[in-house]
Ligand SMILES: CC(C)(COP(=O)(O)OP(=O)(O)OC[C@H]1O[C@@H](n2cnc3c(N)ncnc32)[C@H](O)[C@@H]1OP(=O)(O)O)[C@@H](O)C(=O)NCCC(=O)NCCS
């Protein structure tokens, strides 16, 4: 398994991986092209045998530069439960582009046990606390068409561990 920032040529494969990972919203390839170019420094792909089997998109919100927002995490069914999701999160936090980040936020639907477990585990590993609050409401924001997205806020994140851990990423 190797990790690296995405390049635009990855976008179609990433869109296909996301489509294979319900309950994630599917994206246009164009959306992933922008992530793979303008947001490449804060996104990551995991490859095995030249196939993309893992993906995380994220960004630092323009008005909240001390935060890292994780947009989507997708791990191919064939490699789930091997720690890949957690390893990609850790590798991202080690990036120079994420220096100065003090907390991680994401949104998760209530019934997504694997996603809650992934972020609870990340928080525990880094000695941080995970707090939940409703962020995008089923009725008010999704017109009843999508479950409420709960914000998970994890912090404070220590800065020292980034220097200590050994990333396997090829930058
Ligand atoms: C959520 C997802 C990314 C997890 O990826 P993964 O590589 O299998 O996760 P990891 O192996 O790193 O596991 C992280 C933790 O979650 C736990 N976990 C993983 N899958 C789980 C499940 N289905 N139910 C309960 N716990 C689970 C693991 O045991 C581990 O806990 P631990 O560190 O205490 O041992 C993957 O299941 C996936 O792609 N799901 C579909 C898309 C999705 O829901 N994405 C997240 C929304 S943003």
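The values are calculated or read from the model by the stated rules, or taken from the named source; none is laboratory data. A quick note: this is a predicted structure, and the numbers were derived from the prediction, not measured. All Cβ positions, even for glycine, are placed from backbone atoms using ideal geometry, and neighbour counts span all protein chains on display.
Numbers at a glance
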{"item": "Within segment 64-94, tally of residues that are part of a helix (DSSP H, G or I), more than 6 Å from the ligand (Cβ to nearest atom), in contact with a strand residue (DSSP E or B) (Cβ under 8 Å, 6 or more places away or on another chain) and within 21 Å of residue 112 (Cα to Cα)", "result": "5"}
{"item": "Qualifying residues in segment 127-157 (those that are in a loop (DSSP other than H, G, I, E, B) and within 11 Å of residue 103 (Cβ to Cβ)) - the one farthest from the ligand (Cβ to nearest atom)", "result": "156"}
{"item": "Only listed residue being modelled with pLDDT under 95, surrounded by 14 or more Cβ atoms within 10 Å (Cβ to Cβ) and more than 13 Å from the chain's Cα centre (by Cα), chosen from 112, 32, 27", "result": "27"}
{"item": "Residue 119 being closer than 30 Å to residue 141 by Cα, surrounded by 14 or more Cβ atoms within 10 Å (Cβ to Cβ) and more than 9 Å from the ligand (Cβ to nearest atom)", "result": "no"}
{"item": "Every residue from segment 33-52 that is in contact with a strand residue (DSSP E or B) (Cβ under 9 Å, 6 or more places away or on another chain) and within 22 Å of residue 79 (Cα to Cα)", "result": "43, 44, 45, 46, 47, 48, 52"}
{"item": "Qualifying position, being crowded, with 18+ Cβ neighbours inside 10 Å and at pLDDT 95 or above, among 143, 124, 155", "result": "155"}
{"item": "Which numbered condition residue 60 misses (of (1) surrounded by fewer than 20 Cβ atoms within 10 Å (Cβ to Cβ); (2) at negative phi; (3) within 14 Å of the ligand (Cβ to nearest atom))", "result": "(3)"}
{"item": "Which numbered condition residue 97 misses (of (1) part of a helix (DSSP H, G or I); (2) over 24 Å from residue 62 (Cα atoms); (3) more than 12 Å from the ligand (Cβ to nearest atom))", "result": "(2)"}
{"item": "Close pairs (9 angstrom Cβ cut-off, 6 or more residues apart or separate chains): more than 21 Å from residue 31 (Cα to Cα) in segment 43-54, more than 12 Å from the ligand (Cβ to nearest atom) and assigned to a strand (DSSP E or B) anywhere", "result": "48/2"}
